[in-house]
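Taking it in order: structure first as structure tokens, then the write-up.
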Amino acid sequence: DVKVTQSSRYLVKRTGEKVFLECVQDMDHENMFWYRQDPGLGLRLIYFSYDVKMKEKGDIPEGYSVSREKKERFSLILESASTNQTSMYLCASSFNGRTQHFGDGTRLSIL
Amino acid sequence: ELKVEQNPLFLSMQEGKNYTIYCNYSTTSDRLYWYRQDPGKSLESLFVLLSNGAVKQEGRLMASLDTKARLSTLHITAAVHDLSATYFCAVDTGFLQYNNNDMRFGAGTRLTVKP
């Protein structure tokens, strides 16, 4: 079975802090994704990566950056956290053209 | 820009009843996914629909795809409490290079099945 592991289930940070969310997958998938999930809005794509060191913006990249130095790991970075970034963050991975597999999510609160 | 609309957003039904969740999308796509999410849990893949007229069934859930109408349905037959969850449809935009499935999600349908 595919395993997508997010480093934290719950995280509380302060406004202005730099925040790192980590995601690791164990199936050698080319593609990795970061979404945020908010009530009534579904999942919205922040960034994705289709190869090591490659990244593309999704629908809501503002205030975020990403890093993919190794194929199995995809990091989401909040450069200067703000309260409107309080949300559930979901990481996913996939082979090309195949179903995305999701991690358990990180519930991030910015105070 | 691809828009994906699900309805209803909230659904409360009695056990044993049937109901359908609808997923409309705004641009051409021939790949649609249905996911289930339990509270506090991750998204679990239910179905992948890859062509017009595709129908897939598992247990009490049946999903179909009409690419001409840009519509997918998730039909629930004789609902049971264990089906209570949030269901998402997701449409592959097909706009990315390398076929790496850029998806857009509906807002989700929160289903509650009451005894």
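The values are calculated or read from the model by the stated rules, or taken from the named source; none is laboratory data. Keep in mind that what you see is a predicted model, and the values were worked out from it rather than measured. Cβ atoms come from the backbone with ideal geometry, glycine included; neighbour counts cover every protein chain shown. Quick note on the areas: whole protein, heavy atoms, side chains included, nothing else; ligands and nucleic acids left out. Shrake-Rupley method; radii C 1.70, N 1.55, O 1.52, S 1.80 Å.
For a paramagnetic label modelled at 7 Å from the Cα of B:Leu9 toward its Cβ, which residues of region B:39-57 fall within the zone defined by backbone nitrogen distances under 20 Å?
So the set is B:39-40.
In percent, what relative contact order does chain A have, based on Cα pairs under 8 Å that are 6 or more apart in sequence?
It comes to 36 percent, rounded to a whole number.
Given R₀ = 25 Å, what would the calculated FRET efficiency be for A:Val12 paired with A:Ser65, taking r from the Cβ atoms and rounding to 0.05?
FRET efficiency, A:Val12 to A:Ser65: 0.75.
With a/c under 1.5 counting as rounded, go ahead and sort region B:1-107 into rounded, prolate or oblate using the C-alpha gyration tensor (a ≥ b ≥ c being the square roots of the eigenvalues; past the cut-off, prolate if a/b is larger than b/c, else oblate).
In terms of gyration-tensor shape, prolate.
Provide B:Thr86, A:Thr86, B:Thr28 ordered by accessible surface of protein heavy atoms (probe 1.4 Å), highest first.
Most to least solvent-accessible, the answer reads B:Thr28, A:Thr86, B:Thr86.
With the crude spin-label approximation of a point 7 Å out along Cα→Cβ, what separation in nm comes out for A:Thr83 versus B:Val80?
Taking the simple label geometry, A:Thr83 and B:Val80 are separated by 4.6 nm.
In whole Hz, what ³J(HN,Hα) sequence does region A:89-94 give by Karplus (6.51, -1.76, 1.60; θ = phi - 60°), x for Gly and Pro?
Using θ = phi - 60°, the values come out as 10, 10, 9, 9, 9, 7 Hz.
Pop out the carbon and sulfur fraction of the accessible area of chain B as a percent, whole number, probe 1.4 Å.
So the carbon and sulfur contribution to the accessible surface is 49 percent.
Over all distinct Cα pairs, what is the inverse of the mean 1/r for chain A, reported as the Kirkwood hydrodynamic radius in Å?
Mean inverse Cα-Cα distance, inverted, gives 13.8 Å.
Between exposed GluC sites (Glu not before Pro) in chain B, where DSSP calls loop and at most 15 other Cβ atoms lie within 10 Å, what's the longest gap?
B:16-115
Taking amide H positions as placed in the peptide plane 1.01 Å from N, state which residues far from B:Ala107 in sequence (5 or more) or on other chains have amide H under 5 Å from it.
Under 5 Å from the amide H of B:Ala107 lie the amide H atoms of B:Gln6, each far enough along the sequence or on another chain.
What list of ³J(HN,Hα) values in whole Hz, one per residue of region B:54-69 in order, does the Karplus curve 6.51 cos²θ - 1.76 cosθ + 1.60 (θ = phi - 60°) give from phi, with Gly and Pro shown as x?
5, 9, 9, 9, 9, x, 8, 10, 9, 10, 9, 9, 10, 6, 6, 7
Testing the spin-label approximation: label points 7 Å from Cα along Cα→Cβ at B:Arg60 and A:Lys3. State their distance in nm.
Roughly 3.2 nm, to one decimal.
So for A:Met88, A:Met27, what's the accessible-area order with a 1.4 Å probe, most first?
A:Met27, A:Met88
I'd like the trypsin sites (Lys or Arg not before Pro) in region B:1-103 restricted to DSSP loop residues with at most 13 other Cβ atoms within 10 Å, sorted by number.
Passing both the DSSP loop test and the Cβ count: B:Lys3, B:Lys17, B:Lys41, B:Lys68.
If the elastic network links every pair of Cα atoms under 10 Å, which of A:Gly58, A:Gly16, A:Gly40 fluctuates the most in the Gaussian network model of chain A?
Most flexible of the set in this elastic network: A:Gly40.
The protein assembly as shown: D in µm²/s via Stokes-Einstein (Kirkwood Rh, Cα pairs, 37 °C, 0.692 mPa s)?
The diffusion coefficient I find is 183 µm²/s.
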